[in-house]
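Take a look at the structure below.
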Amino acid sequence: MERLKQKILNEGCILSENVLKVDSFLNHQVDPFLMKEIGEEFAKRFKNQEITKVLTLESSGIAPALMTSLMLKVPLIFAKKKNPLTLKEQDVITAEVYSYTKQETNTIAVSREFLKENDQVLIIDDFLANGEAALGLIRLIEQTGAKVVGIGIVIEKSFQIGREKIEKAGYRVESLVRIQSMKNNQIQFFAKEVLQ
Ligand code: 5GP
């Protein structure tokens, strides 16, 4: 996605060799027009997959996941990071997720009410780094007997191990942008992404 790449180049801020800040259009302020394009692109890549639900993790995954669910005409579920008081323990499915950026482990939870055995679920997230968030969401889905159709990622940092871990586990990963390196304060995309 050329527009997403331009946004990253123009507005992204490299905090370290491993961490990219995109608060101006994805992680704090949100660009709704870009989110719409992102939703359309994921819907195109996963068409004919009979997806029944889109699942993400609060909060930064919600904007791109919502637009994807709108385009696919299915509900969006966002896993909650803290088991809320409104949900009873026996009514939720949980998984542990280590957060790379925050360096802490969170329990993520989804109500059993919204994920059923016959669901076909597309996972959407903002970033892919070490794959912890995506694998946590996969574990949640699989506890219900539902099927993981694939994982859609807005920004993949391909120099980290996430894609390898998820593909080894047997799942399809579709990333809209793949960053090969952020060394020397410069963003380099994967060569084959340039023409997309
Ligand atoms: P993973 O679980 O794959 O290690 O990391 C993915 C999660 O960590 C994403 O949901 C995202 O919120 C956060 N994350 C990982 N790397 C970055 C990054 O470079 N920038 C931002 N803004 N978030 C990141």
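The values are calculated or read from the model by the stated rules, or taken from the named source; none is laboratory data. Bear in mind the structure is a predicted one, so any value in this text is a computation, not a measurement. Cβ: placed from backbone, ideal geometry, glycine included. Neighbour counts: every protein chain shown. Keep in mind that these areas ignore ligands, DNA and RNA; they rest on the heavy atoms of the full protein, side chains included. Shrake-Rupley method; radii C 1.70, N 1.55, O 1.52, S 1.80 Å.
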* To do: Might you let me know whether the stretch 52-64 holds any residue that is within 11 Å of the ligand (Cβ to nearest atom), open to solvent by 50 Å² or more (accessible area, probe 1.4 Å) and of a type in the set (Gly, Ala, Ser)?
  => yes
* Quick one: which residue in GLY150, GLY170 is among the small types (Gly, Ala, Ser) and closer than 23 Å to MET35 by Cβ? => GLY150
* Output for the stretch 81-119, where each listed residue is among the aliphatic types (A, V, I, L, M) and under 13 Å from LEU140 (Cβ atoms) -> VAL92, ILE93, ALA95, VAL97, ILE108, ALA109, VAL110, LEU115
* Asked: Using beta carbons and a limit of 7 Å, which pairs, at least six apart or on different chains, have the first residue in the stretch 7-26 and touching a residue at least 24 places away in the same chain (Cβ under 8 Å) and small (Gly, Ala, Ser) and the second one open to solvent by less than 40 Å² (accessible area, probe 1.4 Å) and not in a loop (DSSP other than H, G, I, E, B)?
  -> GLY12/LEU20
* Across the stretch 149-171, what is the total count of residues that are within 13 Å of the chain's Cα centre (by Cα) and without any contact (Cβ under 8 Å) to a residue 40 or more places away in the chain? -> 6
* To do: Could you grab the pairs with beta carbons closer than 8 Å, sequence gap of 6+ or different chains, first residue in the stretch 88-105 and modelled with pLDDT under 80, second one away from the ligand (no atom under 11 Å from the Cβ) and open to solvent by less than 80 Å² (accessible area, probe 1.4 Å)?
  => GLU89/ASN83
* To do: Give the residue that is nearest to GLU2 (Cα to Cα), with candidates limited to residues of the stretch 131-170 that are surrounded by fewer than 18 Cβ atoms within 10 Å (Cβ to Cβ) and in contact with a strand residue (DSSP E or B) (Cβ under 8 Å, 6 or more places away or on another chain).
  => PHE159
* Counting only residues that are open to solvent by 40 Å² or more (accessible area, probe 1.4 Å), more than 8 Å from the ligand (Cβ to nearest atom) and either of a type outside the set (D, E, K, R) or part of a loop (DSSP other than H, G, I, E, B) (or both), how many does the stretch 3-23 have? -> 6
* Asked: Limited to the stretch 24-37, what total is found for residues that are surrounded by fewer than 19 Cβ atoms within 10 Å (Cβ to Cβ), within 14 Å of the ligand (Cβ to nearest atom) and not β-branched (Val, Ile, Thr)?
  -> 4
* **Complete set of residues in the stretch 94-112 that are more than 10 Å from the ligand (Cβ to nearest atom) and in contact with a strand residue (DSSP E or B) (Cβ under 9 Å, 6 or more places away or on another chain)** => THR94, ALA95, GLU96, GLU104, THR105, ASN106, THR107, ILE108, ALA109, VAL110, SER111, ARG112
* Structure fact -> Over the stretch 1-50, the set of residues closer than 16 Å to ALA65 by Cβ and among the small types (Gly, Ala, Ser) is GLY39, ALA43
* Structure fact -> Within the stretch 76-93, the count of residues that are more than 12 Å from the ligand (Cβ to nearest atom) and either surrounded by fewer than 18 Cβ atoms within 10 Å (Cβ to Cβ) or assigned to a loop (DSSP other than H, G, I, E, B) (or both) comes to 10
